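Novice: Can you read through this structure? Questions will come right after.
The values are calculated or read from the model by the stated rules, or taken from the named source; none is laboratory data. Just so you know, these numbers come straight off a predicted model, no measurement behind them. Backbone-built Cβ (ideal geometry, glycine too); neighbour counts: all protein chains shown. Side chains are part of the model used for accessible areas, which takes the heavy atoms of the whole protein and leaves out ligands, DNA and RNA. Shrake-Rupley method; radii C 1.70, N 1.55, O 1.52, S 1.80 Å.
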Amino acid sequence: CVQVAAIAAWLAGRLDPAKAGPVDLELVRRGSLLHDLGKVRDVTNLHGVAGAVLGRALGVPEPVLGCIEKHVRHGPPAEDARGYGLPPLDFGFTRLEERIVSYADKLADVLAAGLAASAGEAHRRLPEILRQRPGLAKDEATEARYLASRELFSTWMAS
């Protein structure tokens with residue numbers, strides 16, 4: 001979670017506010033540090049939902065709960081959620097910060113697998129890496145969501 005927070009801060013710091021809009025860095029930090037809270041109760045795809053339930057009981061603010069709940073499978077729509085064992089709800093991102101946290105989590109996975117030396121390299125090479133290691137994306141729909149975020153972030157990065 002600390003590594004995800006560092007990657008998310010790196011990414012947020014490179015986004016041009018004129019293109020991406022403002023980023024709540026405190027929300028990114030808190031969401032990153034707590035995104036896997038649910039793993040204390042569940043290590044399946046339900047850990048995001050479990051984390052949000054636990055976070056609510058602990059008084060975690062709703063915007064942070066969104067980062068926790070939506071990071072699994074990178075914000076799937078309701079029609080995909082059921083197939084992942086999630087409740088049939090729309091987990092699509094409603095805040096930029098949710099997308100940043102979830103994407104940073106995937107870049108952290110790439111680094112943990114030894115497939116890139118830095119977050120920047122993981123971001124640049126993500127399409128190639130996901131082609132080589134399809135298990136990192138889990139399935140084609142999730143891969144498409146990650147790659148769409150990569151494209152958004154790439155266009156929003158300051159020159």
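Every residue, every condition in (1) within 20 Å of TYR84 (Cβ to Cβ); (2) within 16 Å of the chain's Cα centre (by Cα), yes or no:
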residue	(1), (2)
ILE7	no, yes
TRP10	no, yes
ASP24	no, yes
VAL28	no, yes
SER32	no, yes
ASP36	yes, yes
ARG41	yes, no
VAL53	yes, no
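Novice: Of all the residues that make up segment 105-135, how many are in a helix (DSSP H, G or I) and under 22 Å from VAL28 (Cβ atoms)?
Specialist: Qualifying residue count, segment 105-135: 15.
Novice: Being within 26 Å of LYS19 (Cβ to Cβ), open to solvent by 60 Å² or more (accessible area, probe 1.4 Å) and not β-branched (Val, Ile, Thr) is the requirement here; does ARG133 meet it?
Specialist: No.
Novice: Take the conditions in contact with a Ser or Thr (Cβ under 8 Å, 6 or more places away or on another chain) and modelled with pLDDT of 95 or more and apply them to PRO76. Does it pass?
Specialist: It is true that PRO76 is in contact with a Ser or Thr (Cβ under 8 Å, 6 or more places away or on another chain) and modelled with pLDDT of 95 or more.
Novice: Give me a count of the residues in segment 21-43 that are in a helix (DSSP H, G or I), of a type in the set (A, V, I, L, M) and surrounded by fewer than 19 Cβ atoms within 10 Å (Cβ to Cβ).
Specialist: The number of residues fulfilling the criteria is 3.
Novice: Can I ask one more? For segment 136-159, which residues satisfy the criterion of being closer than 20 Å to GLY85 by Cα and part of a helix (DSSP H, G or I)?
Specialist: LEU136, GLU140, ALA141, THR142, GLU143, ALA144, ARG145, TYR146 - these are the residues of segment 136-159 that are closer than 20 Å to GLY85 by Cα and part of a helix (DSSP H, G or I).
Novice: Determine whether segment 47-64 contains at least one residue that is closer than 17 Å to ALA12 by Cβ and in contact with a Gly (Cβ under 9 Å, 6 or more places away or on another chain).
Specialist: Yes, the conditions are met somewhere in segment 47-64.
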